[in-house]
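These notes concern the structure reproduced below.
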Amino acid sequence: MYEQRLPYLEITLSNHQNQGKTMGGSSAINYLIYMRGNKRDYDSWAEMENFGWSYREVLPYFKKAENNQDIEAHDVYYHSSKGPLNVERYPYTDLNSLMLVQAFKEKGLPVTDFNGENQIGTDLVQTTSKDGRRMSANVAYIRPIRQTRPNLNIVTEAFVTKILIDPASKVAVGVHYIKHGVSYTVYCTREVILSAGSINSPKLLMLSGIGPKYHLDSLNIPVLADLKVGFNLQDHVTTEALILGLSNKTSTLISGEQLLNEVSKYHHQYPTKFGPMSSTGSLSGIAFIKTGYEKEDAPDIQFHFDGVNVQDLYSDPTNYLASRIFPLSFYDGITVRSILLTPKSRGFVLLNNTDPVFGQPLIYSRFFTAKEDLDRLLAGMRYVVSLENTEAFKLSGANFVKTPIKGCESFIWGSNDYFICILMLYTSTIYHPVGTCKMGPAWDRDAVVSPKLKVYEIGQLRVIDSSIMPKIIRGNTNAPTIMIAEKGSDLIKEEWISK
């Protein structure tokens, strides 16, 4: 029996969490970065007795999905060019991406294949794109077979409210959903597969009676399985408020007329898109480092760079950060994100106590409840601001904006106190929530699903999405989630083809 109270309710709720409510899910709204994580991530999963999930065992599933069209395809041990998911670099390269990669090289980082043997280093990122256009999971997997598979029935604009579970046998038998105000029930003969993501998968499990007993009891939801659903929430935390100002040499802030000209290059008549609209600007320059706090032979900090209009940010930072709408290549500054890859802090997700079904779930991220997370990020920020001393930055005229941002004016820019202030006041993530339906062996009291992704204590129900990760991976989560789906599909086939 778990503790009969809600922990850490004084922690502030997350202000928002982006969600891909479309075909392809969040792969249709993400930054298109193809990143697998580090081999140590998956080996650590296996060391937790998640047998079958070591790096050696999941690598074939990464390769099964991948259709690599760049130089990395020649490394046949790590890469493949036969899968449905196209992987290539953008046809357009932003000058600032080249500047960033060169600066990291000057600091001693090697150019590396982030998805190969060594992750620590720098390069222009590999992306889930084709000819300058996004390749979501929908484009890669669903669209090619949507009209040809007789056993595939896609229901759009449907809102699932509950997994139907026989209370006597504790077996999942179907789902209930609402479409245009009409209720529907669908029954299954074999399994229900839940792939709603790290926020909505725990929500649906709890609505269906699977979750912490004290929480479900408080909402008068009959408890079918007392499991730690919604706990173990992890994300890659960073800040939006460390800003790099660009000079006339590299700034691509343009007029409305110029923007329309660039949009014309993205016209449907061109099979291959080109120009700034066919890339994500400075975001394609990436690096991984290992700080002095990391004991593993793996990175603990990743650097991302995002376009920003410096004047607008400083005039109204909170509103501007929430409402940026222009393509990432059109800016006069860069948000420098030092991203924590190995957070010790853990959060949790609860049902909305006012409206559990239709209300947004309550997300308690609990960032920085472990001091070491701040220490690692401070080390990462100190490293990245030192790029200002490189020849690459000097030649391009790039300099960090050293005017303290609103709310942190009482601290000296560049001091630990200032960096802590912007981390706490302008906390952000790149939306990699994982772990809320933790995978683990039967003896793990925090585990929700088994290494075969089956929900404990409930028959014919699996979770197959990023919520099953016991620990967050070192990198962007799209490719690992697709890997989980590829492996999960094999687990299903292994069980049912033999029956």
If each part is reduced to its alpha-carbon centroid, segment 53-86 and segment 438-499 end up apart, in Å, by 20
Dividing the helical contributions, -39500 (n - 2.57) per DSSP H run of n ≥ 4, by the residues of the chain yields a 222 nm value, nearest 500 deg cm²/dmol, of -7000 deg cm²/dmol
By the C-alpha gyration tensor axes a ≥ b ≥ c (rounded if a/c is under 1.5, else prolate when a/b exceeds b/c, else oblate), the shape of segment 392-452 is prolate
Distance in Å, no decimals, from the C-alpha centre of segment 99-117 to the one of segment 131-194 is 42
Filtered hits (aspartates and glutamates, Cα-Cα < 16 Å from Lys273, offset >= 8 within chain) -> Glu88, Asp94, Asp131, Glu262
Cross-link reach from Lys170 to lysines, straight Cα distance under 24 Å and at least 8 residues apart if same chain, gives Lys162, Lys203, Lys213, Lys228, Lys438, Lys452, Lys454, Lys493, Lys499
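Based on the alpha-carbon gyration tensor of segment 49-122 and its eigenvalue square roots a ≥ b ≥ c, which shape applies: rounded if a/c is under 1.5, prolate if not and a/b is larger than b/c, or oblate?
Oblate, because a/c is 1.5 or more while a/b does not exceed b/c.
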For the pair Gln147 and Lys344, the simple spin-label estimate (label points 7 Å beyond Cα toward Cβ) gives in nm 5.6
Percent relative contact order for segment 26-166, counting Cα pairs under 8 Å at least six residues apart, stands at 24
Expressed in nanometres to one decimal, the distance between label points 7 Å along Cα→Cβ at Ser315 and Ala158 is 4.7
Taking a straight Cα-to-Cα line shorter than 15 Å from Lys105, and setting aside same-chain aspartates and glutamates fewer than 8 residues away, one finds Asp113, Asp123, Glu388, Glu391
Counting only Cβ distances under 4.7 Å between cysteines, those in the chain with no partner are Cys188, Cys437
Given a Förster distance of 41 Å, the FRET efficiency implied by the Cβ-Cβ spacing of Glu257 and Val357, rounded to the nearest 0.05, works out to 0.25
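Past 22 Å, Cα to Cα: identify those pairs from Lys64/Lys290; Lys39/Lys471; Lys295/Lys471, in the order given.
Check vs 22 Å cut-off fails for Lys64/Lys290.
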Candidates for volume of the Cα convex hull per residue in Å³ are (i) 154; (ii) 250; (iii) 167, and the calculated one carries label (iii)
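Sort 432-445, 77-90 by the packing proxy (mean of other Cβ within 10 Å over each peptide's residues), most packed first. It would help to have the intermediate numbers written out before the result.
Working: 432-445: 21.0, 77-90: 18.9.
Ranked by mean Cβ neighbours within 10 Å, highest first: 432-445, 77-90.
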For segment 296-395 the chymotrypsin sites (Phe, Trp or Tyr not before Pro) that pass both the DSSP coil test and the at-most-10 other-Cβ-within-10 Å test are Phe358
Taking 33-44, 151-162 and ranking on average Cβ neighbours within 10 Å, highest first, one gets 33-44, 151-162
With DSSP loop assignment and no more than 12 other C-beta atoms within 10 Å, the GluC sites (Glu not before Pro) in segment 353-415 are Glu409
In terms of the alpha carbon gyration tensor, root eigenvalues a ≥ b ≥ c, rounded if a/c is under 1.5 and otherwise prolate when a/b exceeds b/c or oblate, segment 369-485 is prolate
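A short reminder: the numbers here are calculations on the coordinates, not readings from a lab. Source: prediction; values computed, not measured. Please note: Cβ atoms are built from the backbone with ideal geometry, for glycine as well, and neighbour counts cover all protein chains shown.
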